[in-house]
There are 2 protein chains.
Amino acid sequence: MAFKISVSPDSPFTLDNIPFGVISTESNPQPRCATALGDYAIDLAAYWKDRTYAQLKGYRSLYAIFNQPSLNEFAALDSAIRSDVRTYLATEFAAGNIPERCAIPLKSVKLHLPMTIGGYVDFACSLEHCKNCAALTGGTISKNFYYAPLVYNGRTSSIVPSPEPVRRPHGILYDPETKQPTFCPSKNMDYELEMGCFISKPVLMGERISVENAANHIFGFVLLNDWSARDLQGFEMNPLGPFHSKGFGTSISPWIVTLDALLPFSCKPWHDHTGTEFEHQRHPDQTKASFDIRLEVTLLRNGVSHKITTSNLSYLYWTPYQQVAHYALAGCGLETGDLLGTGTITGESKNELGCLFEATLNGAKPIELANGDRLGFLKDGDEIILGASCGGGEGQPRLGFGECRGIILPAV
Amino acid sequence: MAFKISVSPDSPFTLDNIPFGVISTESNPQPRCATALGDYAIDLAAYWKDRTYAQLKGYRSLYAIFNQPSLNEFAALDSAIRSDVRTYLATEFAAGNIPERCAIPLKSVKLHLPMTIGGYVDFACSLEHCKNCAALTGGTISKNFYYAPLVYNGRTSSIVPSPEPVRRPHGILYDPETKQPTFCPSKNMDYELEMGCFISKPVLMGERISVENAANHIFGFVLLNDWSARDLQGFEMNPLGPFHSKGFGTSISPWIVTLDALLPFSCKPWHDHTGTEFEHQRHPDQTKASFDIRLEVTLLRNGVSHKITTSNLSYLYWTPYQQVAHYALAGCGLETGDLLGTGTITGESKNELGCLFEATLNGAKPIELANGDRLGFLKDGDEIILGASCGGGEGQPRLGFGECRGIILPAV
């Protein structure tokens, strides 16, 4: 039996989207690959079980590729094949050809990490964010920002899929009163509004790639919350960069929106620094160098929802393509499933600050919420929900990313 | 047929050692686990193929555990079982009970990475190294050094087993003449004399461990060369720490010397800072807090061998146990196969400097080699060989680590 899924106007999972994720259900706890449409997950292992896919000569069957607990093997396929598969699914779904046994209400699926993540790196590529942070720590933005995307290696094993909670970490911080190092739970818990970019085709160790070629190595994007303990960060940053202040947890949205789906939303980056960058960082077409992805952050506190910021991916000074090219620059190699965090995405306006460190001036000036409550850093029980969407104008395609949410659990 | 292997006085692989590694051979290219004795590797999959091991009730057979391309499953076993297996092997080997089919001359085996490495972190825990580096970059050692081991996340995918070569990376550096950022191959290639510590039993996400308990999570140690491009490091260090300047390659010695084998060489750390550390960092017995492991570095240039430095693991201000406890402090969890680099191990004497950045004052004062050659930073074709050994005095046990070597290939 086949049926047609109707997509409500506020669903992120439109026919323009066809994202990829990994699901399990109570009746089938084995994680496997899926896509999402409207209020349904479509089990892609079940979908391809009795089908052949002519274009896939010489490869394993799509059933074998999707009947796995990660999308790595699918992502490693040639990009033309992945595009074909996505287009095929969208066309069949539009025609209502969805076998009922493959469609599972989203509310009854458990979502897993979509990929087996080898390396995780996190960038700092928003000029506004870096300027704001430098000012708040009594410095100025470092000169290297303008010549290459700033980046550090993160902690892969602490990446969790939304909506898993995150626990307030213990750590060493300078006591605000005594200025002496103290070991205690972090008091300055923050979120960071970022996106994540998953690598598809590997880059061999020792090889570099151009910005133009970076698209061939991008599978797709998710939302990413780089939870940060600002007081631990203040203690440990110098000279080796962030470690425990970030490594206790990083949340991502579980559905990967493919590069293909995002290409219609290509746009000029907000900052045009063409000509000041090294040649290996030059975009062949500046008008398609970034993406117009609208971002927003909601705080859920005591059952009350507060929209606390908005932003846009295109605000990044260094684009995702430039980040991928920079990642491979020294020959470390990229692997399928490597994850790049874009860094906090902050805009010019005071309503576009991508973390509380900036928005509250390191806690000194709490945000006044609509109900009179005040938001400094995050309290236990606070929940942060990142959202993102593209298009939706007259005659435009439209898609969303779903939620990246996480609640702060008390320290133990 | 069984035979007895005689161990020459200069072999690192004594009956006191029984290290673990992963080998393959021309006739059997399937990587599997092995130990080493004298000039032989003992194939542990072949060894356990037709044996039963009574103590292993409820576990998979040792054959299944060792017939794998990594030691992760063995390392994850209870430490008492691992100790039993090692003692059993040493006893049998001493009695000459080595089936001939299991013994393969070391010169005809290929050595692989011994474990599947999830997370790789690198510490900076030598007070002398950090003071020297701070002075050379015009600063002073940061206050946090004295309160917690300094550490950053490294690039897991670029870890290679000795004797794989390492390629000189391209990157962005400040041109020494113009002081402007330039994209070119690194000119200031350096090694760093470190050891690496592999995690056995996992630490669950959200949990912490004490220094006393850290031993339960340590599988064993290798030599580690944290190759560094000092000019790329100078460009990128501020504010997020090292990335490309380290991520192009890290070499480790392929045989893991177990914690059990090293316990007889437990000793007092060179620095006694008992009482100044946080309670969770306090060693229950300071006389057994570190290890007396003698280290040395040899440069091979144009066929001539030069011993360029010596050092000792016990010089570290923060011990490996304290590093493991610190790694788990914020709840990121540890996984079997996680690798901790100790950081450069430098001593007080000018013959005990663990990298060329220190030994040559950032290249300003090259080392005069015995044959009149001068050593600033590393040239293409230079080979660095790290070595380590323990004991060997009258009536003492004795072991070595084998070599951690790597040659610098020219940039492409």
Using the structure shown, decide if B:P254 is touching a strand residue (DSSP E or B) at 6+ places or on another chain (Cβ under 8 Å), away from chain A (no Cβ under 14 Å) and open to solvent by 10 Å² or more (accessible area, probe 1.4 Å). no
Is it true that some residue in the range A:392-409 is surrounded by 19 or more Cβ atoms within 10 Å (Cβ to Cβ), in a strand (DSSP E or B) and basic (K, R)? yes
Out of everything in the range A:112-155 that is more than 9 Å from chain B (Cβ to nearest Cβ) and among the hydroxyl-bearing types (S, T, Y), what residue ends up being farthest from A:G363 (Cα to Cα)? A:T116
Check every one of the strands (runs of 3 or more DSSP E) wholly within the range A:242-360 and list those with 2 or more residues that are more than 30 Å from B:G331 (Cα to Cα). A:304-312
Subset of the range A:320-337, residues facing another protein chain (nearest Cβ under 7 Å) and buried (at least 24 other Cβ atoms within 10 Å of the Cβ), comes to A:L329, A:A330, A:G331, A:C332
If we scan the range A:256-273, do we find a residue that is modelled with pLDDT under 95 and among the charged types (D, E, K, R)? yes
Looking only at the range A:228-241, count every residue that is away from chain B (no Cβ under 11 Å) and either outside any strand (DSSP E or B) or over 19 Å from the mean Cα position of the chain (by Cα) (or both) and tell me the total. 2
Of the conditions (1) under 21 Å from B:I293 (Cβ atoms); (2) open to solvent by less than 20 Å² (accessible area, probe 1.4 Å), B:A229 fails just one. Which one is it? (1)
Using beta carbons and a limit of 9 Å, which pairs, at least six apart or on different chains, have the first residue in the range A:385-412 and acidic (D, E) and the second one assigned to a loop (DSSP other than H, G, I, E, B) and surrounded by fewer than 19 Cβ atoms within 10 Å (Cβ to Cβ)? A:E403/A:P163
So in the range B:192-226, with the set limited to residues that are surrounded by fewer than 21 Cβ atoms within 10 Å (Cβ to Cβ) and of a type in the set (S, T, N, Q), which one is farthest from the other protein chains (Cβ to nearest Cβ)? B:N216
Can you report the number of residues in the range B:232-249 which are open to solvent by 20 Å² or more (accessible area, probe 1.4 Å), touching a His at 6+ places or on another chain (Cβ under 9 Å) and farther than 20 Å from B:K379 by Cβ? 1
Here is a list of conditions, (1) more than 14 Å from chain A (Cβ to nearest Cβ); (2) surrounded by fewer than 17 Cβ atoms within 10 Å (Cβ to Cβ); (3) out of contact with any helix residue (DSSP H, G or I) (no Cβ under 6 Å at 6 or more places or on another chain), and B:S311 meets all of them except one; can you say which number that is? (2)
Which number in (1) more than 14 Å from chain B (Cβ to nearest Cβ); (2) open to solvent by 40 Å² or more (accessible area, probe 1.4 Å) marks the one condition that A:F265 misses? (2)
Pairs where the first residue, in the range B:134-145, is surrounded by fewer than 17 Cβ atoms within 10 Å (Cβ to Cβ) and the second is among the acidic types (D, E), C-beta under 9 Å, 6+ apart: B:L136/B:E358
Taking the range B:348-363 and keeping residues farther than 14 Å from B:T298 by Cα and touching a helix residue (DSSP H, G or I) at 6+ places or on another chain (Cβ under 9 Å) leaves B:E348, B:K350, B:F357, B:E358, B:L361, B:N362, B:G363
Scanning the range A:100-119 residue by residue, those under 14 Å from the mean Cα position of the chain (by Cα) and open to solvent by 10 Å² or more (accessible area, probe 1.4 Å) turn out to be A:L113, A:I117
When you go through B:A75, B:A90, B:A64 one by one, which is the residue that is hydrophobic (A, V, I, L, M, F, W, C) and modelled with pLDDT under 95? B:A64
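The values are calculated or read from the model by the stated rules, or taken from the named source; none is laboratory data. Note that the coordinates shown come from a computational prediction; the quantities given were computed from them, not determined experimentally. Backbone-built Cβ (ideal geometry, glycine too); neighbour counts: all protein chains shown. These accessible areas exclude ligands, DNA and RNA; they are computed on the full protein's heavy atoms, side chains included. Shrake-Rupley method; radii C 1.70, N 1.55, O 1.52, S 1.80 Å.
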